[in-house]
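What follows is one structure encoded as structure tokens, with my remarks underneath.
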Amino acid sequence: MFLDATSIAQPLRKRSEMSDMANKITDQCISCGACEPECPNQAISQGPEHYVIDATKCDECAGKPGGPACMAVCPTEAIVKG
């Protein structure tokens with residue numbers, strides 16, 4: 001198993017304990033749906049008022065060049081770092 005410096009320096013945590021790292025969608029969301037198909041973890045879904053991000057699935061596109069894919073396509077910049 002390969003471990004990088006971050007893995008060694010931090011204790012192992014369950015993904016549910018890392019919810020503070022997940023992106024969030026604010027009230028500026030216009031429910032256009034552009035973000036949902038961009039998420040590689042299927043963490044984005046339509047909520048009662050606007051789209052929402054499941055914090056247990058979102059890893060902020062860890063390792064993906066360019067950062068979180070959802071943030072790159074949001075026309076209202078409603079997706080913010082958690």
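The values are calculated or read from the model by the stated rules, or taken from the named source; none is laboratory data. None of these values were measured; they are calculated from a predicted model. Please note: Cβ atoms are built from the backbone with ideal geometry, for glycine as well, and neighbour counts cover all protein chains shown.
Could you count how many residues in region 73-82 are surrounded by fewer than 19 Cβ atoms within 10 Å (Cβ to Cβ), modelled with pLDDT of 95 or more and out of contact with any helix residue (DSSP H, G or I) (no Cβ under 6 Å at 6 or more places or on another chain)? Residues meeting the conditions: 4.
All conditions in (1) at pLDDT below 95; (2) in contact with a Cys (Cβ under 8 Å, 6 or more places away or on another chain) hold for A62, with the sole exception of (2). Restricting region 6-28 to residues that are outside any helix (DSSP H, G or I), of a type outside the set (V, I, T) and under 15 Å from P68 (Cβ atoms), the residue that is modelled with the lowest pLDDT is A22.
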